[in-house]
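Quick note: the coordinates plus some simple rules give every number you see, no bench work behind them. Bear in mind the structure is a predicted one, so any value in this text is a computation, not a measurement. As a convention, Cβ positions derive from the backbone with ideal geometry for all residues, glycine included, and neighbour counts pool all protein chains shown.
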Amino acid sequence: MPSILIIYNTKTGNTELMAKAVEEGARSVQDVDVILKYHANPKELQHVDAIIIGVPTYNHRMTIDIQNLLEKTAKSNIILKDKTVAVFGSYGWSGEAPKQVLEILTNKFQMKSIASPILANYKPDEKILAECRRLGRIVAEHIR
Ligand SMILES: Cc1cc2nc3c(=O)[nH]c(=O)nc-3n(C[C@H](O)[C@H](O)[C@H](O)COP(=O)(O)O)c2cc1C
């Protein structure tokens, strides 16, 4: 069965709300395996068809957990080429992190992006949560 791994980091819960909405959207598509995780290791990335990363922006950058994951994945020579990727995250005023993650995954790892990053200014409102559900759904439909 095609599978999606949704990995997210959060400190105050805003990106987690988005992650749960992405998960809900992905689960609305039948015959796709959906895994939602806070921590993942590089090997887990290897065995899925799509990876969706949720990352808030702190100090103009991604969280250390996601940075470590990307660095360890690069060191382990894990191939992610042509897998589907999408990103989202909460931010306060600059919101660089999801774009940084997407840039690395599409350039360094040659993953295929199928949607623009979804950004929530602090707590996601119902409109953003609906966009997150849609993101999960379109990624799931894409890999099915
Ligand atoms: C110490 C600190 C640094 C932050 N730095 C940034 C920043 O550089 N750019 C930005 O857009 N938001 C910044 N924020 C705001 C967070 O991104 C925002 O609170 C976001 O909702 C946190 O998401 P989370 O609840 O998923 O952790 C910062 C917040 C804190 C507490």
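Here is the figure for region 69-95: residues that are free of Cβ contacts under 8 Å to residues at least 12 places away in the same chain and either assigned to a strand (DSSP E or B) or within 16 Å of the ligand (Cβ to nearest atom) (or both) total 1. Looking at Asp65, Asp82, can you tell me which residue is under 27 Å from Leu17 (Cβ atoms) and acidic (Asp, Glu)? It is Asp65. Those residues that are in a loop (DSSP other than H, G, I, E, B) and away from the ligand (no atom under 14 Å from the Cβ), I need them from region 105-144; list them, please. If the condition is that a residue be in a loop (DSSP other than H, G, I, E, B) and away from the ligand (no atom under 14 Å from the Cβ), then Lys108, Phe109, Gln110, Met111, Ile114, Ala115, Ser116, Arg144 are the ones that fit.
Looking only at region 96-129, filter to residues that are in contact with a Gly (Cβ under 9 Å, 6 or more places away or on another chain) and touching a residue at least 60 places away in the same chain (Cβ under 8 Å); which one of those is farthest from Lys11 (Cα to Cα)? Here the residue is Ile118. The set of residues in region 101-122 that are in contact with a helix residue (DSSP H, G or I) (Cβ under 7 Å, 6 or more places away or on another chain), exposed (fewer than 13 other Cβ atoms within 10 Å of the Cβ) and over 16 Å from Glu16 (Cβ atoms) contains only Lys108. Restricting Ile64, Ile7 to residues that are within 16 Å of the ligand (Cβ to nearest atom) and without any contact (Cβ under 8 Å) to a residue 12 or more places away in the chain narrows the list to Ile64. For Pro98, the stated conditions do not hold, so it cannot be described as in contact with a strand residue (DSSP E or B) (Cβ under 8 Å, 6 or more places away or on another chain), surrounded by 14 or more Cβ atoms within 10 Å (Cβ to Cβ) and outside any helix (DSSP H, G or I). Per the listing Ile143, Ile64, Ile52, the residue uniquely of a type in the set (Val, Ile, Thr), surrounded by fewer than 21 Cβ atoms within 10 Å (Cβ to Cβ) and within 19 Å of Pro2 (Cβ to Cβ) is Ile143.
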